[in-house]
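These notes are about the structure you will find just below.
The values are calculated or read from the model by the stated rules, or taken from the named source; none is laboratory data. Bear in mind that the values here come from a model prediction, so they are computed numbers and not experimental data. Cβ placement follows ideal geometry from the backbone for every residue including glycine, while neighbour counts extend to all protein chains displayed.
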There are 2 protein chains.
Amino acid sequence: MSKNIITISREFGSGGRTVGRMVAEKLGYDFYDQELIAKVMLESGLSEELVRKYDEYATHRSSLLFAIALSGGTDPYTGTGHSFATQVQAAQTKAINDLADKGGCVIVGRGADYVLRDRENALHVFIYADMDFRAKRIVEEYGERDEKPVERLKDKDERRKLYYRSFTSRNWGDYKNYDLSLSTSAVGIEKCADIIVDIAKK
Amino acid sequence: MSKNIITISREFGSGGRTVGRMVAEKLGYDFYDQELIAKVMLESGLSEELVRKYDEYATHRSSLLFAIALSGGTDPYTGTGHSFATQVQAAQTKAINDLADKGGCVIVGRGADYVLRDRENALHVFIYADMDFRAKRIVEEYGERDEKPVERLKDKDERRKLYYRSFTSRNWGDYKNYDLSLSTSAVGIEKCADIIVDIAKK
């Protein structure tokens, strides 16, 4: 059975988003990343403010504050608690399911592998890379500042783990959640895309 | 740089050994599994009795007894302690390094991914599969009895985790230990072999 939904989870800086875009192009599928899924979430009536706040926690605030907010505690900055995360996660689940119902898509991030875990026509991929590769990449490709990239990557990883765990109750990166896991630093970005396309067509 | 050493770690029943044999055939590489590496270990002067006992722990005894023996406690059955495991592990490390020095080989099991972790010409692969696939396979292919295969697989997984941890201080199946991880139940045994060959030739 060929796979017409492909989810990609990835370590920050691994090039997983680029792999996803290449796969979508090669297969003629639609491509959705974090921002494009957010747009779909807004269509469900969710306020942009809530989505922005949720994403801010997941990407900018310290992992500790994020963990507190997601576990039901109160954010000392905003005075708000757990319920906004629950609302956003429900909208996110609906948006991802709606996209998957249409088929022919590559979805990067937002725990799509978890939301679509029981779909037989979905292929779930995890993309990672060694630290040197990622550190070089976030400085060169994303234009991040050239200070302590390894420390920033470790913090990103920690936050992504917390985010994934709060949304899915699973461990981020656990091989059992995916059909395959590929290291872009070992395999190469283009080759990763080719392998995924090849398996999806099977 | 092409990879002329390929290590394969695998879940029991996933078909990882078969994948390894296919890869070796396609690339014209030598193939070594647990038993063939044991033969090399004996050449270093280790007694067959010690190797047999070590492997018996790793594959037949209860995970609890195995954990006790490897952690330095005393096996209530034999009265022996940790030192035999240390001796066997040293011989295993030497055997795997000697095989790798010759190059052009596929090595399945025995923590070869850990022993050869710093070799730039090595490709490290993890092979797994979903429980149904593995349960069916151990009954049909290995002729294991048709009783509680899932329970037996879970026990095997537990033992392999303990074994790997005692030998490597790493977590078995952690994606960071490998260049790629492939599910045979999702990707197919032949296709897994083709992907590995393709990457090794790169």
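Considering only residues of the stretch A:1-42 that are of a type in the set (D, E) and in contact with a helix residue (DSSP H, G or I) (Cβ under 8 Å, 6 or more places away or on another chain), which is farthest from A:I96 (Cα to Cα)?
First, pick out the residues of the stretch A:1-42 that are of a type in the set (D, E): A:11, A:25, A:30, A:33, A:35.
Subset that is in contact with a helix residue (DSSP H, G or I) (Cβ under 8 Å, 6 or more places away or on another chain): A:11, A:30, A:33.
Values: A:E11: 20, A:D30: 13, A:D33: 11 Å.
Among residues in the stretch A:1-42 that are of a type in the set (D, E) and in contact with a helix residue (DSSP H, G or I) (Cβ under 8 Å, 6 or more places away or on another chain), the one farthest from A:I96 (Cα to Cα) is A:E11.
Of all residues being within 12 Å of chain A (Cβ to nearest Cβ) and of a type in the set (V, I, T) in the stretch B:109-127, which is farthest from B:A95 (Cα to Cα)? Just the residue, please.
Here the residue is B:I127.
Taking the residues in the stretch A:10-36 that are part of a helix (DSSP H, G or I) and of a type in the set (S, T, N, Q) as candidates, determine which candidate is modelled with the highest pLDDT.
Of everything passing the filter in the stretch A:10-36, A:T18 is modelled with the highest pLDDT.
Among the residues of the stretch A:183-200, are any crowded, with 18+ Cβ neighbours inside 10 Å, outside any helix (DSSP H, G or I) and within 14 Å of another protein chain (Cβ to nearest Cβ)?
yes
Do we have any residue at all in the stretch B:60-70 that's among the small types (G, A, S) and at pLDDT 85 or above?
No, the stretch B:60-70 contains no residue that is among the small types (G, A, S) and at pLDDT 85 or above.
Which residues, taken from the stretch B:120-131, are in a loop (DSSP other than H, G, I, E, B) and over 20 Å from A:T184 (Cβ atoms)?
So in the stretch B:120-131, the residues in a loop (DSSP other than H, G, I, E, B) come out as B:120-121, B:129-130.
Once the filter is applied, which keeps residues that are in a loop (DSSP other than H, G, I, E, B) and over 20 Å from A:T184 (Cβ atoms), the stretch B:120-131 yields B:A129, B:D130.
Has the stretch B:149-172 got any residue that is closer than 23 Å to A:W172 by Cα, outside any helix (DSSP H, G or I) and within 13 Å of another protein chain (Cβ to nearest Cβ)?
yes
A:K102 fails exactly one of the following numbered conditions: (1) surrounded by fewer than 16 Cβ atoms within 10 Å (Cβ to Cβ); (2) within 12 Å of chain B (Cβ to nearest Cβ); (3) in contact (Cβ under 8 Å) with a residue 60 or more places away in the chain. What is the number of that condition?
With (1) surrounded by fewer than 16 Cβ atoms within 10 Å (Cβ to Cβ); (2) within 12 Å of chain B (Cβ to nearest Cβ); (3) in contact (Cβ under 8 Å) with a residue 60 or more places away in the chain applied to A:K102, the lone miss is (2).
Among the listed residues A:Y164, A:Y178, A:Y114, identify the single one that is under 16 Å from the mean Cα position of the chain (by Cα), of a type in the set (F, W, Y) and closer than 28 Å to B:K201 by Cβ. I'd like the intermediate steps shown before the answer.
Details: A:Y164 fails: closer than 28 Å to B:K201 by Cβ; A:Y114 fails: closer than 28 Å to B:K201 by Cβ.
Just one listed residue meets the conditions, A:Y178.
Yes/no matrix, rows are residues, columns are (1) free of Cβ contacts under 8 Å to residues at least 12 places away in the same chain; (2) surrounded by fewer than 23 Cβ atoms within 10 Å (Cβ to Cβ); (3) of a type outside the set (S, T, N, Q):
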site: A:Y114; (1), (2), (3): no, yes, yes
site: A:R119; (1), (2), (3): no, yes, yes
site: A:R145; (1), (2), (3): yes, yes, yes
site: A:R152; (1), (2), (3): no, yes, yes
site: A:D155; (1), (2), (3): no, yes, yes
site: A:R159; (1), (2), (3): no, yes, yes
site: A:F167; (1), (2), (3): no, yes, yes
site: A:N177; (1), (2), (3): no, yes, no
